[in-house]
Amino acid sequence: MNDEHEAHDDDTERFAGPRPGRGVERCAVGGLLLAGAAWAARAVWHVRLFLAGEPASGPPDQGEGVHRTLTGLEDSYHVVSALGGGAALICALAFLSWLWRVRDDARVLSAEPPRYSGIWVYLGWVLPIMNLWVPRGIVADAYEKSAPRRPLPRSLNVWWGLWLLGMLSGVGLLYEDSTDEIIERAYTEVWPLLASDAAVVGAAIAGAFVVRAVSAAQRERLAALTGGPGSAAETVAAS
């Protein structure tokens, strides 16, 4: 009996440190949904631009550094685009914070080192070639260490596939063209823009499910290791 009590105390002490609370999870989900809503708004404006048609004066960027005066619709698209950029920044900060915490918690819960070192939480998104699989690998590793022998959630591959589709299209979350160039494209070739917008919105929604799945798996593992609901460690985790 004493041995069991000591083992339980050891587990409680092991997991009583800072845990990824529901607040971090909710911020990540909220950031993803905010970005998804922002890109849905951009899609609406792309359709509006397409239906309005390009003015007789031509595209906003006339070439050789010459820009004509924007129409009211084009000007409003600049506002929508700027708000979308702000939403993307909020999403990135919230998601990276969540990703760092679940990666660290997976290490504590499994007593195994992460597959990727901490710097890849940030570099994995921007380093060419590596950004094709490293972020997914970090999330998958955190889930596998938190929920051994359990299959990866389907939302993980849906999220990553849609993210890659938006990124590789060149008009996804990080547009390569300027806002005026995107306006010109909306006038002449709106369908690729809408397809990419749909991919980003879908990735945001699927990403929210991924966040929920990984966080839930870690809470379940923590409860199993520390005596179930109501333990001191789980109280910290839920705070």
* Asked: If you scan region 44-58, which residues turn out to be closer than 10 Å to residue 183 by Cα and either open to solvent by less than 70 Å² (accessible area, probe 1.4 Å) or modelled with pLDDT of 95 or more (or both)?
  -> 45, 46, 49, 50
* To do: With respect to residue 68, determine if the residue is modelled with pLDDT under 95, farther than 16 Å from residue 142 by Cα and open to solvent by less than 50 Å² (accessible area, probe 1.4 Å).
  => yes
* Determine the pairs where a residue that is free of Cβ contacts under 8 Å to residues at least 24 places away in the same chain, located within region 66-89, has a partner that is open to solvent by 80 Å² or more (accessible area, probe 1.4 Å) and part of a strand (DSSP E or B) with Cβ atoms under 9 Å apart, the partner being 6 or more residues away or on another chain. => 68/62
* Asked: For region 131-170, what are the residues that are part of a helix (DSSP H, G or I), among the charged types (D, E, K, R) and either open to solvent by 60 Å² or more (accessible area, probe 1.4 Å) or touching a Ser or Thr at 6+ places or on another chain (Cβ under 8 Å) (or both)?
  -> 136, 144, 145, 154
* To do: Would you please list the contacts, defined by Cβ atoms under 7 Å and residues six or more apart or on different chains, that run from a residue in region 199-222 that is surrounded by 22 or more Cβ atoms within 10 Å (Cβ to Cβ) to a residue that is in a helix (DSSP H, G or I) and charged (D, E, K, R)?
  => 211/25; 215/25; 218/105; 222/234
* **Residues of region 118-130 classified as in a helix (DSSP H, G or I), without any contact (Cβ under 8 Å) to a residue 24 or more places away in the chain and not aromatic (Phe, Trp, Tyr), total** => 4
* Asked: What are the residue pairs meeting all of these: first residue in region 21-43, first residue under 9 Å from residue 84 (Cα atoms) and open to solvent by 30 Å² or more (accessible area, probe 1.4 Å), second residue part of a helix (DSSP H, G or I) and not hydrophobic (A, V, I, L, M, F, W, C), Cβ atoms under 9 Å, and 6 or more apart or on different chains?
  -> 41/84
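Taking region 185-196 as the search range and keeping residues that are under 30 Å from residue 97 (Cα atoms) and touching a His at 6+ places or on another chain (Cβ under 7 Å), which one is most open to solvent (accessible area, probe 1.4 Å)? Quick ask: steps written out before the conclusion?
First, pick out the residues of region 185-196 that are under 30 Å from residue 97 (Cα atoms): 193-196.
Applying the additional criterion that residues be touching a His at 6+ places or on another chain (Cβ under 7 Å) yields 193-194.
Details: 193: 0, 194: 37 Å².
Looking at residues that are under 30 Å from residue 97 (Cα atoms) and touching a His at 6+ places or on another chain (Cβ under 7 Å), I get 194.
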* For residue 70, indicate whether it is under 25 Å from residue 51 (Cα atoms), among the hydrophobic types (A, V, I, L, M, F, W, C) and not in a helix (DSSP H, G or I). => yes
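The values are calculated or read from the model by the stated rules, or taken from the named source; none is laboratory data. Keep in mind that what you see is a predicted model, and the values were worked out from it rather than measured. Please note: Cβ atoms are built from the backbone with ideal geometry, for glycine as well, and neighbour counts cover all protein chains shown. Just the protein is used for accessible areas: all its heavy atoms, side chains included, with ligands, DNA and RNA removed. Shrake-Rupley method; radii C 1.70, N 1.55, O 1.52, S 1.80 Å.
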